[in-house]
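**Q** Input: one structure, supplied below.
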Amino acid sequence: MEERKLRIGILTLPIAKASVIPLSNLVEILFNISTEFVLVTGNEGYKKFKNESRFKVYDVSYKIGNTVLKVIRNLYGQIKASLIIIKVGKKINYWIIFGGEREIIVMFIAKLLKKKVIILILGSTIKDSTFVHDPFRNIVKILSAIKSALADKIVVYTPRLISEWKLEPYCHKIIIAHQHFLDFDTFAVTTPLSARPPLIGYIGRLSEEKGIQNFVRSLPTILDDRTDLCVLIGGDGPLKDSIEVFLQAQKLTAHVNLPGWVSYDNLPWHLNQLRLLVLPSYTEGLPNIMLEAMACETPVLATPVGAIPDIIQDGKTGFIMENNSPGCIAANVIRALNSSDLERIAENGRQFVEENFTFEKTVERWRHVLEKIAE
């Protein structure tokens with residue numbers, strides 16, 4: 001059983017920048033408990049790992065185009081990935097499918113080769129079938145159901161996601177685990193909360209499911225109440241142009257900084273400038289940025305979606321808002337900033353992630369996951 005347990009491969013079709021850190025975390029976890037390990041990835045994932053010397057990395061990159069070309073290229077990617085699975089053969093006994101909903105061909109091949117297949121569902125996976133206006137959306141939902149049926153196990157971050165993501169039919173397959181851990185030397189307090197400028201912000205993808213457009217619409221009310229405030233909106237995505245147009249129309253450009261994509265290296269510095277990070281998402285899994293902010297003792301205000309309520313207790317480790325309407329966001333931003341316990345809440349947040357998101361604890365959880373699958 002030990003030999004079977006430790007021969008692990010991760011497969012993800014081409015990913016964007018936002019998925020590189022979650023993938024990197026999972027790679028470090030599983031590599032550390034593997035005697036044989038391979039990674040199959042593409043685009044930003046392959047750029048990240050192409051020079052890796054510790055294990056073999058296979059490239060399934062392709063250009064993401066319009067809807068028709070996307071389907072064709074996805075099929076090409078799956079065929080290429082399937083050939084890699086066949087090539088590695090007996091070297092790998094367990095394949096972890098990281099995110100995505102369309103890797104049906106890959107899963108069929110792995111199952112035909114009598115490999116165990118585990119799918120790790122991400123918040124972005126749920127977003128794809130809910131918010132992206134894709135004419136193939138219903139087909140994707142069908143593929144998702146097939147994928148869940150084929151999987152030996154399904155990994156989700158927290159039990160509350162089973163109902164939120166409508167996974168009840170597969171309860172017997174579900175295992176709770178995550179790939180989140182923090183480097184507490186990198187994500188640390190370099191500027192105490194009391195010494196930070198009057199700055200609030202959002203850092204993440206500028207897309208519909210993140211609720212960023214509602215945060216932007218809340219800014220006139222917030223800045224009316226707190227004329228000293230400035231706002232950081234870090235990230236890139238399809239809503240960037242419309243955000244800029246709104247800010248110009250509302251004459252808010254002098255108060256709002258839009259630096260574009262925030263690199264991982266610069267992220268701790270930005271978080272140490274914020275007095276409040278706002279996450280107004282419609283849907284989430286377990287957002288890295290929330291944990292990273294808490295490690296920097298930056299208070300977080302978020303919607304109660306995904307695994308967020310398992311991490312943030314309102315008034316204790318952060319702040320929860322009832323919904324992400326612009327009015328609700330504005331009222332809660334003002335409430336949080338006016339809290340007399342803001343520094344204590346920030347310290348509690350740091351303590352919580354220090355106790356629960358170490359590399360050692362995350363690795364141990366995955367050891368347990370693989371042992372259960374091997375039973």
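**Q** Those residues that are in contact (Cβ under 8 Å) with a residue 40 or more places away in the chain and part of a helix (DSSP H, G or I), I need them from segment 21-48; list them, please.
**A** Correct list: Ile21, Pro22, Leu23, Asn25, Leu26, Glu28, Ile29, Leu30.
**Q** Being touching a Gly at 6+ places or on another chain (Cβ under 8 Å) and polar (S, T, N, Q) is the filter; apply it to segment 322-347 and report the residue that is nearest to Leu276 (Cα to Cα).
**A** Ser339
**Q** Oh, and also: Go through segment 294-319 and count every residue that is under 19 Å from the mean Cα position of the chain (by Cα), more than 12 Å from Phe352 (Cα to Cα) and outside any loop (DSSP other than H, G, I, E, B).
**A** So the count comes out to 5.
**Q** Filter segment 206-230 down to the residues that are surrounded by fewer than 22 Cβ atoms within 10 Å (Cβ to Cβ) and under 18 Å from Ala293 (Cβ atoms) and list them by number.
**A** Across segment 206-230, the qualifying residues are Leu229, Cys230.
**Q** Something else: Against the condition over 25 Å from Leu193 (Cβ atoms), crowded, with 18+ Cβ neighbours inside 10 Å and of a type outside the set (A, V, I, L, M, F, W, C), how does Pro287 come out, does it pass?
**A** So Pro287 fails the test.
**Q** While we're looking at this one, here's another question. Go through segment 293-348 residue by residue and tally those that are in contact (Cβ under 8 Å) with a residue 40 or more places away in the chain, under 19 Å from Thr158 (Cα atoms), surrounded by 17 or more Cβ atoms within 10 Å (Cβ to Cβ) and out of contact with any helix residue (DSSP H, G or I) (no Cβ under 6 Å at 6 or more places or on another chain).
**A** Final tally of qualifying residues: 4.
**Q** Which residue out of Ile72, Ile97, Ile64, Ile86 is β-branched (Val, Ile, Thr), outside any loop (DSSP other than H, G, I, E, B) and under 23 Å from the mean Cα position of the chain (by Cα)?
**A** Just one listed residue meets the conditions, Ile97.
**Q** Checking the structure you have, find out if any residue of segment 241-250 is over 24 Å from Ser194 (Cα atoms) and either at pLDDT below 95 or part of a loop (DSSP other than H, G, I, E, B) (or both).
**A** yes
**Q** With the requirement that a residue be surrounded by 12 or more Cβ atoms within 10 Å (Cβ to Cβ), at pLDDT 95 or above and not aliphatic (A, V, I, L, M), what does segment 51-79 give you?
**A** Of everything in segment 51-79, those that are surrounded by 12 or more Cβ atoms within 10 Å (Cβ to Cβ), at pLDDT 95 or above and not aliphatic (A, V, I, L, M) turn out to be Glu52, Phe55, Lys56, Tyr58, Asp59.
**Q** What is the one condition in (1) closer than 18 Å to Ile373 by Cβ; (2) crowded, with 23+ Cβ neighbours inside 10 Å; (3) touching a residue at least 60 places away in the same chain (Cβ under 8 Å) that Lys116 does not satisfy?
**A** (2)
**Q** Name every residue in segment 158-197 that is out of contact with any helix residue (DSSP H, G or I) (no Cβ under 8 Å at 6 or more places or on another chain), surrounded by 13 or more Cβ atoms within 10 Å (Cβ to Cβ) and over 30 Å from Lys372 (Cα atoms), in order of residue number.
**A** Answer for segment 158-197, where residues must be out of contact with any helix residue (DSSP H, G or I) (no Cβ under 8 Å at 6 or more places or on another chain), surrounded by 13 or more Cβ atoms within 10 Å (Cβ to Cβ) and over 30 Å from Lys372 (Cα atoms): Thr191, Arg196.
**Q** Let me ask another. In segment 331-375, which residues are out of contact with any Leu (no Cβ under 9 Å at 6 or more places or on another chain) and outside any helix (DSSP H, G or I)?
**A** Asn338, Ser339, Ser340, Asp341, Glu375
The values are calculated or read from the model by the stated rules, or taken from the named source; none is laboratory data. Small disclaimer: the values here were computed from a predicted structure and weren't measured. Glycine gets a Cβ as well: all are built from the backbone with ideal geometry, and neighbour counts include every protein chain shown.
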